[in-house]
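Novice: First, the structure itself, so that you have it in front of you.
The values are calculated or read from the model by the stated rules, or taken from the named source; none is laboratory data. Please read these numbers as outputs of a predicted model, since none were measured by experiment. Note that we place each Cβ from the backbone using ideal geometry, even for glycine, and neighbour counts take in every protein chain shown.
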Amino acid sequence: MFRYFVLCLAIHFTACGIADLRTADIKKETQAADSENKARQLLDQAIKTQGFDQISRYSTYEVIGVDHWKGLLGKMGNVWNWKKDKMAMRFTVGDFDGQVEVLEGKKKGFVAGIQSWDYYEIEEGRYNTEVKDDKRISFALAAYHYYYELALRLQRAPFIRYYGTDKIDGIEMDKILVSWGNKRTKDYDQYVLWINPESGLIEAVTHTVRDNYMPMTGFLYSSARFTDFRDVEGVMIPFKQTIQLKQPRDNENKYIHQFIIESFRWDAFPAERLRPNPNLSPVGDDKIAG
């Protein structure tokens, strides 16, 4: 029955095309210049409020927590080979070199990572880049890495437009759309940032998923709600990240998966720890290895 359901979903995915979050005025480029300026100002201010203009002081960070995937969609989409076991994700600032280590359960001690988009695993202290690539883990590490630095990464995008207002938990928020182009294409992911005027923080993002390990899912889009912000050495970090299908919902218990952070540390380890292969050249912020 489960396989039949997945097959039906795949057929449905193929028929739905690519998700498009653009409004009519954004598609037609008829938005007034002052609205475009407002969007950029909102993003720049959110970066300063959250402290992301200061993260160049750091070279790495470590996130320890638990990722819970719920329901049928959670079962289909779970990117990890373990369930609700505590793990540590480690990243370098400004690129896509990342690593995950399982800290408890049957997979305790397992380490997997990507260095310049090359997948590797470490078991019993032995580094192995010849192991079969795990596309789910590679996707997850890159996605989480991007989320943690989201505003700063998107600030470099050439296409930033005002998207109006909407409410979460009764609070009216400003929204801006950010992308790398104004076309409905697989090449350009679209991000709608929800900025709370009271806190000045980005408290949610609605986004497409063009580059995915699962085939025929371009029609999907989802939202991440960022809550429980805490000041970690001058940077506001959301200790709860709730992923929901389509638009963000007030009820945080309705989710595909939810990551709860136990601890977050800057410069907890040297960058070399995430670059075990000295023969690989860094690719920086490029999403595709050069």
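Novice: If we scan the range 271-289, do we find a residue that is at pLDDT below 95, assigned to a loop (DSSP other than H, G, I, E, B), surrounded by fewer than 17 Cβ atoms within 10 Å (Cβ to Cβ) and acidic (Asp, Glu)?
Specialist: Taking every residue of the range 271-289 in turn, at least one turns out to be at pLDDT below 95, assigned to a loop (DSSP other than H, G, I, E, B), surrounded by fewer than 17 Cβ atoms within 10 Å (Cβ to Cβ) and acidic (Asp, Glu).
Novice: When only residues in the range 250-259 that are in a loop (DSSP other than H, G, I, E, B) and in contact (Cβ under 8 Å) with a residue 12 or more places away in the chain count, which is farthest from Ala204 (Cα to Cα)?
Specialist: Looking at the filtered set, the residue picked out is Ile256.
Novice: In the range 122-146, how many residues are among the small types (Gly, Ala, Ser) and over 20 Å from the mean Cα position of the chain (by Cα)?
Specialist: 1
Novice: Output the residues belonging to the range 239-249 that are closer than 19 Å to Gly200 by Cα and touching a residue at least 24 places away in the same chain (Cβ under 8 Å).
Specialist: Of everything in the range 239-249, those that are closer than 19 Å to Gly200 by Cα and touching a residue at least 24 places away in the same chain (Cβ under 8 Å) turn out to be Phe239, Gln241, Pro248.
Novice: Suppose we filter Gly113, Gly77, Gly125, Gly65 for residues that are surrounded by fewer than 17 Cβ atoms within 10 Å (Cβ to Cβ) and not aliphatic (A, V, I, L, M); which single one remains?
Specialist: None of the others qualify; the one that does is Gly125.
Novice: Next question, about the same structure. For Asn78, all conditions in the list (1) more than 19 Å from the chain's Cα centre (by Cα); (2) modelled with pLDDT under 95 hold save one; what is the number of the exception?
Specialist: Unmet for Asn78, out of (1) more than 19 Å from the chain's Cα centre (by Cα); (2) modelled with pLDDT under 95: (1).
Novice: Could you say which residue among Tyr119, Tyr162 is surrounded by 15 or more Cβ atoms within 10 Å (Cβ to Cβ) and more than 27 Å from Lys27 (Cβ to Cβ)?
Specialist: Tyr119
Novice: Still on this structure, I have one more. Here is a list: Ile256, Ile176. Which entry is aliphatic (A, V, I, L, M) and modelled with pLDDT of 95 or more?
Specialist: Ile176
Novice: To continue, here is another question. Here are Thr217, Thr242: which of them is among the polar types (S, T, N, Q), modelled with pLDDT of 95 or more and buried (at least 16 other Cβ atoms within 10 Å of the Cβ)?
Specialist: Thr242
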